[in-house]
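Enquirer: Have a look at this one.
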Amino acid sequence: MELDLVTVERIERFIVFESKVELLHWEDTSQWGFKIKLALASRGELDSFDKTMKRSKKRGGQRYHCILYGEFNRQFEAQFCGRGWAESVGAHVALHVPDLDDQLYFRESKTRDQGEKEIPGRVFDIMLMEVGDDEQIIDQTARERAERPVGGPRSKAVAMMLQDLDFNRWLSCHSIYRRPAARPDDPAACYTFEDADAIMKNVCGIESKVEFDNGNEAAWKIWETQFKAPFIRYLGPRA
């Protein structure tokens with residue numbers, strides 16, 4: 001699959017790895033076929049490949065659409081073979097390259113002399129994009145959204161209370177979190193839903209209301225004692 005390089009610059013949501021890499025060496029083996037090893041800029045970049053499915057006898061390995069850009073404009077397909085770190089070469093990853101033309105390109109590229117660490121191999125600017133079983137490049141933003149935890153009954157109940165005008169009036173004017181100089185008869189002085197949500201998260205020590213449904217009992221206890229119970233007492237007979 002060939003992509004317009006100008007377009008690719010505008011679709012960061014598809015990119016899982018982007019950096020400058022150095023071609024350490026290539027090898028052609030009976031087990032792996034043609035494989036290239038790329039040195040990464042730092043050990044921290046290995047995190048991008050954490051838990052990535054690697055090529056083995058039983059598995060095909062994560063497939064990537066790879067783009068070399070800048071001085072070398074080239075696109076090719078590859079499969080992830082593994083990652084590692086060594087004192088001699090630093091952080092590195094290995095990719096299986098199946099296409100013969102792409103193999104020739106790397107065979108003709110300068111590689112680092114393994115006996116002379118100071119002699120660099122060819123350096124590339126590279127982007128990697130995951131290819132799914134349907135042969136389509138995976139939209140990482142859509143994947144993260146689909147994998148994001150969904151709120152349950154607790155988080156929904158909290159959201160409903162935060163949007164209650166009476167709750168926001170209480171929070172603004174009568175609670176220990178009241179806004180200075182706020183008056184109950186001035187709706188404009190009340191906290192907004194966003195204000196109330198931010199106060200609640202800060203007090204409960206959470207980043208998302210979903211945590212109420214995912215075992216954060218300490219945060220739920222704070223919500224019940226610092227917000228829900230005092231508000232119900234404020235409502236009195238109206239509750």
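Enquirer: Tell me, please, whether a residue that is modelled with pLDDT under 85, assigned to a helix (DSSP H, G or I) and either surrounded by fewer than 16 Cβ atoms within 10 Å (Cβ to Cβ) or touching a Ser or Thr at 6+ places or on another chain (Cβ under 8 Å) (or both) can be found in segment 189-208.
Expert: Scanning segment 189-208, I find at least one residue that is modelled with pLDDT under 85, assigned to a helix (DSSP H, G or I) and either surrounded by fewer than 16 Cβ atoms within 10 Å (Cβ to Cβ) or touching a Ser or Thr at 6+ places or on another chain (Cβ under 8 Å) (or both), so the answer is yes.
Enquirer: Let me ask something additional. If you go through segment 141-165 one residue at a time, how many are of a type in the set (Asp, Glu) and at pLDDT 90 or above?
Expert: The total comes to 1.
Enquirer: Another question, if that's okay. Within segment 10-61, how many residues are of a type in the set (Asp, Glu) and closer than 22 Å to Ser109 by Cβ?
Expert: Count: 5.
Enquirer: Sort out which residues of segment 69-88 are among the hydroxyl-bearing types (Ser, Thr, Tyr) and without any contact (Cβ under 8 Å) to a residue 40 or more places away in the chain, and write them in order of number.
Expert: Across segment 69-88, the qualifying residue is only Ser88.
Enquirer: Something else now. Going residue by residue through segment 37-48, is there one that turns out to be touching a Ser or Thr at 6+ places or on another chain (Cβ under 6 Å), over 15 Å from Ser19 (Cα atoms) and assigned by TED's automatic domain parsing to the domain that holds Phe14?
Expert: No, segment 37-48 contains no residue that is touching a Ser or Thr at 6+ places or on another chain (Cβ under 6 Å), over 15 Å from Ser19 (Cα atoms) and assigned by TED's automatic domain parsing to the domain that holds Phe14.
Enquirer: Between a first residue in segment 138-156 that is of a type in the set (S, T, N, Q) and a second residue that is modelled with pLDDT of 75 or more and assigned to a helix (DSSP H, G or I), which pairs have beta carbons less than 7 Å apart while being 6 or more apart in sequence or on different chains?
Expert: Correct list of pairs: Gln140/Arg13; Gln140/Phe14; Thr141/Arg13; Ser155/Lys209; Ser155/Val210; Ser155/Phe212; Ser155/Asp213.
Enquirer: Answer yes if at least one residue in segment 121-133 is assigned to a helix (DSSP H, G or I), surrounded by 11 or more Cβ atoms within 10 Å (Cβ to Cβ), modelled with pLDDT of 90 or more and not polar (S, T, N, Q), and no otherwise.
Expert: Looking for residues that are assigned to a helix (DSSP H, G or I), surrounded by 11 or more Cβ atoms within 10 Å (Cβ to Cβ), modelled with pLDDT of 90 or more and not polar (S, T, N, Q), one finds none in segment 121-133, hence no.
Enquirer: Additional query: May I ask you to list the residues in segment 1-57 that are in contact with an Asp or Glu (Cβ under 9 Å, 6 or more places away or on another chain), at pLDDT 90 or above and of a type in the set (Lys, Arg)?
Expert: Selection gives Lys20, Lys35, Lys37.
Enquirer: Right, another one. Just for segment 68-108: of the residues that are small (Gly, Ala, Ser) and under 23 Å from Lys54 (Cβ atoms), which one is modelled with the lowest pLDDT?
Expert: Ser88
Enquirer: From the list Glu18, Glu27, which residue is among the acidic types (Asp, Glu), in contact with a Leu (Cβ under 9 Å, 6 or more places away or on another chain), surrounded by fewer than 19 Cβ atoms within 10 Å (Cβ to Cβ) and not in a helix (DSSP H, G or I)?
Expert: That would be Glu18, the only listed residue that is among the acidic types (Asp, Glu), in contact with a Leu (Cβ under 9 Å, 6 or more places away or on another chain), surrounded by fewer than 19 Cβ atoms within 10 Å (Cβ to Cβ) and not in a helix (DSSP H, G or I).
Enquirer: Are any residues in segment 64-82 touching a strand residue (DSSP E or B) at 6+ places or on another chain (Cβ under 7 Å) and either assigned to a loop (DSSP other than H, G, I, E, B) or more than 10 Å from Leu128 (Cβ to Cβ) (or both), and if so, which ones?
Expert: Scanning segment 64-82 gives Leu68, Tyr69, Gly70, Phe72, Arg74, Gln75, Phe76, Glu77, Gln79, Cys81, Gly82.
Enquirer: Next up: Pull up segment 62-117, narrow it to residues that are under 22 Å from the mean Cα position of the chain (by Cα) and among the aromatic types (Phe, Trp, Tyr), then point me to the one that is farthest from Glu27 (Cα to Cα).
Expert: Tyr64
Enquirer: Just to verify a result, which residue in segment 213-229, among those that are touching a residue at least 60 places away in the same chain (Cβ under 8 Å) and not in a loop (DSSP other than H, G, I, E, B), is farthest from Asn168 (Cα to Cα)?
Expert: For segment 213-229, the residue satisfying everything is Asp213.
The values are calculated or read from the model by the stated rules, or taken from the named source; none is laboratory data. For clarity, every value in this text was computed on a predicted model and none was experimentally measured. All Cβ positions, even for glycine, are placed from backbone atoms using ideal geometry, and neighbour counts span all protein chains on display.
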